[in-house]
């Protein structure tokens, strides 16, 4: 048994180096709005090697309080999740009664942002909410999770996005999304301020609950600065634009999303591998696959896939947001320089903790809990 820690001997700057005899006049802290004129940087598309990491247990991550740490930047959706707890899904034309109902903050982007922050990594959220009660609910939840909200916008032309989450007694769910401000009122061109925080990130997370045109702008800006981009394939059920895929470093679908995107079956691992091969043909070189109770796997073109079994939870209460927890935790471990195998294990531990709590944002685990769980695994 070994103890896990994500403390670093140095910080990984995947795309930038500080110029000799210069310094960052200001950096990405919780009260900082980046200005390109405030940086003296040499930008390189070539990523630096990953640093070595210590393996001593730590309650907190030193990088969380280091203003020079390049942040996790999540660009995506924020929803008010309307939960209804039911014994089973209604049949066509049938009306059933819910055992309970409540509204909680969620949305794939907001979920991932809170997860990153609760894992003690500085995290920005770029997104939109309406000027309504649901927008206030989400803003307060993001603030409570420690997310930096300098780039969260309130828009008057659309209500806050929301989702109806039908939660069954076994913890499984079915979800219907109404896009609202997530899909409307975005500017044709993102502001220089929004793109600048992307270019100075350590890693960028995207999902498909906002327009593809926004994701393309963000991914293109990140690629221009050498910043890795993970695209969570969850969201709209539509083909992925080739232009977007060309700027993505890691595509992260679940089994059903992989099947829809490739038009191929994904019932066996052999079929999954063939479908991932189709992703390679589409331009993606790495696929981070979420397999539910069968665990996860990271595929990289030309290499054997790395498999990670699930870390069993004593009881599964709610799987809503589990995939977001997994993806965000993987991103945090990745930007901190962990091996890909350990990134998968860290993400699996975070997801295991998340399914034991009802609600998406409320279920996001803190770093200490994840490390404590990892210490129990041989």
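The values are calculated or read from the model by the stated rules, or taken from the named source; none is laboratory data. Here the structure is a predicted model, which is why all the values come from computation and not from measurement. Note that we place each Cβ from the backbone using ideal geometry, even for glycine, and neighbour counts take in every protein chain shown.
The table that follows gives values for the structure above.
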quantity: Hey, residue 334 surrounded by 24 or more Cβ atoms within 10 Å (Cβ to Cβ), farther than 20 Å from residue 316 by Cβ, out of contact with any strand residue (DSSP E or B) (no Cβ under 6 Å at 6 or more places or on another chain) and at pLDDT 95 or above or not; calculated: yes
quantity: Those helices (runs of 4 or more DSSP H) lying entirely in region 202-315 with at least 3 residues closer than 23 Å to residue 192 by Cα and over 15 Å from the mean Cα position of the chain (by Cα); calculated: 212-224, 242-245
quantity: Flag if residue 163 is free of Cβ contacts under 8 Å to residues at least 40 places away in the same chain, within 30 Å of residue 89 (Cβ to Cβ) and touching a strand residue (DSSP E or B) at 6+ places or on another chain (Cβ under 6 Å); calculated: no
quantity: Residues of region 142-197 that turn out to be more than 26 Å from residue 366 (Cα to Cα) and assigned to a loop (DSSP other than H, G, I, E, B), as a count; calculated: 15
quantity: Boolean, residue 369 is over 18 Å from residue 205 (Cα atoms) and without any contact (Cβ under 8 Å) to a residue 24 or more places away in the chain; calculated: yes
quantity: Contacts under 8 angstrom Cβ, first residue in region 86-108 being at positive phi and surrounded by 10 or more Cβ atoms within 10 Å (Cβ to Cβ), partner in a loop (DSSP other than H, G, I, E, B) and at pLDDT 90 or above, 6 or more apart; calculated: 107/76; 107/77; 107/78; 107/209
quantity: Yes/no for residue 350 being closer than 26 Å to residue 81 by Cβ and assigned to a helix (DSSP H, G or I); calculated: yes
quantity: Enumeration of residues in region 339-371 that are touching a strand residue (DSSP E or B) at 6+ places or on another chain (Cβ under 8 Å), surrounded by fewer than 23 Cβ atoms within 10 Å (Cβ to Cβ) and under 22 Å from residue 227 (Cβ atoms); calculated: 340
quantity: Residue that is modelled with the lowest pLDDT [pool: residues in region 152-166 that are in contact with a helix residue (DSSP H, G or I) (Cβ under 9 Å, 6 or more places away or on another chain) and farther than 22 Å from residue 114 by Cα]; calculated: 157
quantity: One residue from 320, 327 being part of a loop (DSSP other than H, G, I, E, B) and surrounded by 24 or more Cβ atoms within 10 Å (Cβ to Cβ); calculated: 320
